[in-house]
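So that we are looking at the same thing, I have put the structure below in structure tokens.
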Amino acid sequence: MTYLDFEKPIEELNEQLDKLRKIGEGGKVDMTSAVSEIEEKIQEAKRNIYNSLTGWQRVQLSRHPERPYTLFYISKICSRFIELHGDRNIADDHAMVGGIGEIDGMSVMFIGQQKGENTKQRQYRNFGMANPEGYRKALRLMKLAEKFEIPIVTLIDTPGAYPGLEAEERGQGEAIAKNLMEMTTLRVPVVCIIIGEGASGGALGIGIGDKVLMLENTWYSVISPESCSSILWHSWEYKETAADELKLTAENMHKFKLIDGIIPEPVGGAHTNADEMASVLKKEIVKHLTSLAKFTPEERIEKRIEKFSSMGVFND
Amino acid sequence: MAWFKRDKQGITTSTEEKLEVPDGVWWQCSSCKKTIPTGDLIENKYVCPQCNYHARINSNEYFNIIYDEGSVKKLFEDLEPKDFLGFVDLKPYKDRLAETKKKVNVSEALTVGSGKVNGHKLVTCCMNFNFIGGSMGSVVGERISRAIDYCIQKKYPLLVISKSGGARMMESAFSLMQMAKTSAKLTQLAKAKLPYISLMTDPTTGGVTASYAMLGDINIAEPNALIGFAGPRVIKETIKKDLPKGFQRSEFLLEHGFLDFIVDRKDLKQRLTDVIELLMHKNEK
């Protein structure tokens, strides 16, 4: 179990608890009341900490090293899944995964960024930063889904689209731009869920849907708090302030009507009970896909355009 | 021993205060350093006669270059930016907006004009780099969105002239969503079968590149303009290597298949006319 800096009080209490339990196991002293006292303290510490998380703390939770990623959720949600590869042009992007899965007898196209669980895997997945071929692979799979009338679910978790030399040569901007336009007019239902980091264009590139949802401890912003700090404050030291100013939490995004809903996480974050998180996610996906299926493709497209067209604040 | 000592090292003028277009009598090319009378520069459409450097200009200058004299009217000027988030970095966004408005002669980072180009109707959304780095916020998105509605209603083609550092951070996710908004609106223009020409000028980067700038039926650019998704500094830091000469410049993008052609400013009006005439043809249907 990895604790984040602000989770220190919980970590200390847990250590105390372990010690007491060990003593108790010795059988010489009765520790029952002491144990239950500490357990109560842990619950209280959790309530205090997790009920008043700052923007930056949510960012930290969204990047927790034990946080579940796209392929984990797919494996838990689907009874069957065939992963599909390649953009049919230049490569298979390992940072962007996708394939057809089955949920309660229904075929669903899953697409999402994938991060790695250890150093080697993280490199292989390019830290969840897709290249243009990743966005083009995503579009290919979306078009495939459209052809066979399969609804689409995207799981978003990226620190950004990859800022590399080859990425620019192959048109990172064009690849994302094209997805934004194409996703607007997809004839099948599209549900987009931010499961971790929602950084800027890299997230939006698979983020145009009839329903856009965020897990409770995720963020969605025009720029990461670190980069924002470096550009606007000319220093890397203001990431906490930047996170506050950017209003990047699910709660704010929902309040601003820039997303359609928030999916609650287990107390302490998705990683504390990944299986439970997956089952909540599955229920949400089924619920939204079922209700979206009641509309005609034309109705869904019209609503999608209307929704995104109405985003923005200005004086008129 | 020098007679004068510079007490502050380096360039201290902030990006927003830098004036590309001179208001003095003389103008010095920032590329080849040649000095010419400002009148000659304007005559030459703000392009250096010696090295063909295209100086950064705003919507007013572009409208003069492309539209027939006296034909252009500005649209949606009443839309004004709003500091909805109460964003504060080194200075409050509200103050930044007020200061910018005092300093520049445009109302936002994008101005919409409708007029005639060699007699053909054309709506132009032109970005203004001196308004907070030509950054895309809610007003930019809404003006493009209304310009598209206007084009559909009147059956006019659309030109967007991009010149931007990307999305405006001070409007956070609202800025990000302007990428989605403009792209969604462009599907309606496409459905109406009206031409969309995207002209990229120096610089076009970030969220602007990753949305409307790259979505033209015809994508064109001025010579040697910086065009990319990630900025060169970020890429250099990521790959820890020097970038090749000409990287992310118009000629590089043409070579890699992302532009239809590069157009000199002096030819812009005629090339636009050609594109409009050929796309909005009178072929028998």
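Number of Lys pairs in the stretch A:227-316 with C-alpha atoms less than 25 angstrom apart, excluding same-chain neighbours closer than eight positions?
Lysine pair count for the stretch A:227-316: 27.
Determine which aspartates and glutamates satisfy two conditions relative to residue B:82: a Cα distance under 12 Å, and not lying fewer than 8 residues away in the same chain.
Filter leaves A:316, B:95, B:108, B:171.
Please enumerate, by chain and number, the lysines with C-alpha under 24 Å from the C-alpha of residue B:33, excluding those fewer than 8 residues away in the same chain.
Hits, sequence-local ones excluded: B:5, B:8, B:18, B:45, B:163, B:245, B:266.
Still on this structure: Keeping every protein chain present and rolling a 1.4 Å probe, give me the accessible area per residue for the protein assembly as shown in Å².
Normalised by residue count, the accessible surface of the protein assembly as shown is 45 Å².
While we're here: A drop of at least 20 square angstrom in accessible area, chain alone versus all protein chains together, probe 1.4 Å. Which residues of the stretch B:151-178 meet that?
Residues passing the criterion (a loss of at least 20 Å², heavy atoms only) are B:169, B:172, B:173, B:174, B:176, B:177.
Rounded to a whole number, what % of the accessible area of the stretch A:58-309 do carbon and sulfur atoms account for, probe 1.4 Å? Mind showing how you got there, number by number?
On the way: 4800 of 9400 Å².
On the stretch A:58-309, the fraction of accessible area on carbon and sulfur atoms equals 51 percent.
Among B:28, B:84, B:164, flag the residue with its Cα farthest along the positive direction of the charge dipole of chain B, charges on Cβ as +1 for Lys/Arg and -1 for Asp/Glu.
My answer, from the dipole projection, is B:84.
Remind me, relative contact order of the stretch A:5-52 in percent, using alpha carbon pairs under 8 angstrom and six or more residues apart?
45 percent
May I ask for the angle, rounded to the nearest 10°, between helix B:172-191 and the longest principal axis of chain B, with both axes built from Cα atoms and the value confined to 0 to 90°?
30 degrees
Put simply, what bits of the stretch A:177-204 lose 20 Å² or more of accessible area when the other protein chains are there, versus the chain on its own (1.4 Å probe)?
So the qualifying set is A:177, A:180, A:181, A:184, A:201, A:204.
Can you tell me what the convex hull of the Cα atoms of the protein assembly as shown projects to on average, as an area in nm²?
So the mean shadow area of the Cα hull is 34.4 nm².
If the cut-off is a Cα-Cα distance under 24 Å, which lysines reach residue B:282, setting aside same-chain residues fewer than 8 apart in sequence?
Candidates past the 8-residue exclusion: B:116, B:121, B:154, B:155, B:191, B:193, B:269.
Something else now. Using protein chains only (no ligands, no nucleic acids) and a 1.4 Å probe, work out which residues of the stretch A:295-316 have their accessible area cut by at least 40 Å² relative to the chain alone.
By number: A:305, A:308, A:309, A:311, A:313, A:314, A:315, A:316.
State, as an integer percentage, the relative contact order of the stretch B:56-279 based on alpha-carbon contacts under 8 Å between residues 6 or more apart.
About 16 percent, as a whole number.
With a ≥ b ≥ c the root eigenvalues of the C-alpha gyration tensor of the stretch A:58-309, is it rounded (a/c under 1.5), prolate (a/b larger than b/c) or oblate? Can you show the working numbers first?
Values: a/c = 1.33, a/b = 1.22, b/c = 1.09.
Rounded is the answer for the stretch A:58-309, as its axis ratio a/c remains below 1.5.
Rounded to the nearest 100 Å², what's the accessible area chains A and B bury against each other, both chains counted, probe 1.4 Å? Intermediate results must be reported in sequence, preceding the final value.
Numbers: alone 16010 and 15690 Å², together 27130 Å².
When A and B are taken together, about 4600 Å² of accessible area is lost.
Any cysteines in chain B with zero other Cys Cβ atoms under 4.7 Å from their Cβ? List them, or say none.
Cys with no partner Cβ under 4.7 Å: B:125, B:126, B:151.
So if I place +1 on the C-beta of Lys and Arg and -1 on the C-beta of Asp and Glu, and nothing else carries charge, what would the dipole magnitude of the stretch A:58-309 be about its Cα centre? I want it in debye, nearest 20.
Using Cβ point charges on Lys, Arg, Asp and Glu, the stretch A:58-309 gives about 460 debye.
Lys/Arg Cβ at +1, Asp/Glu Cβ at -1, dipole of the stretch A:1-160 taken about the Cα centre: which of A:13, A:130, A:78 is farthest positive-ward?
A:130
Can you give the angle from 0 to 90° between the axis of helix B:138-154 and the longest principal axis of chain B, with both taken from C-alpha atoms, to the nearest 10?
So the inclination is approximately 30 degrees.
Let me ask something else about it. What percent do you get for the relative contact order of the stretch B:215-285 when only Cα pairs under 8 Å and 6+ apart count?
Computed over the stretch B:215-285, the figure is 39 percent.
For the stretch A:1-56, what is the convex hull volume of its Cα atoms per residue in Å³?
Expressed per residue, the convex hull around the Cα atoms of the stretch A:1-56 is 64 Å³.
Using a 1.4 angstrom probe on heavy atoms only, work out the carbon and sulfur share of the accessible area of chain B in %.
50 percent
DSSP H helices in chain A with Cα extent of 15 Å or more along the helix axis and mean Kyte-Doolittle hydropathy at least -0.5?
Those that clear 15 Å and a mean of -0.5 are A:172-184, A:274-292.
The values are calculated or read from the model by the stated rules, or taken from the named source; none is laboratory data. No experiment lies behind these values; they were computed from the predicted model shown. Please note: Cβ atoms are built from the backbone with ideal geometry, for glycine as well, and neighbour counts cover all protein chains shown. For the accessible areas, the whole protein counts, side chains as well, though only heavy atoms, and no ligand, DNA or RNA atoms are used. Shrake-Rupley method; radii C 1.70, N 1.55, O 1.52, S 1.80 Å.
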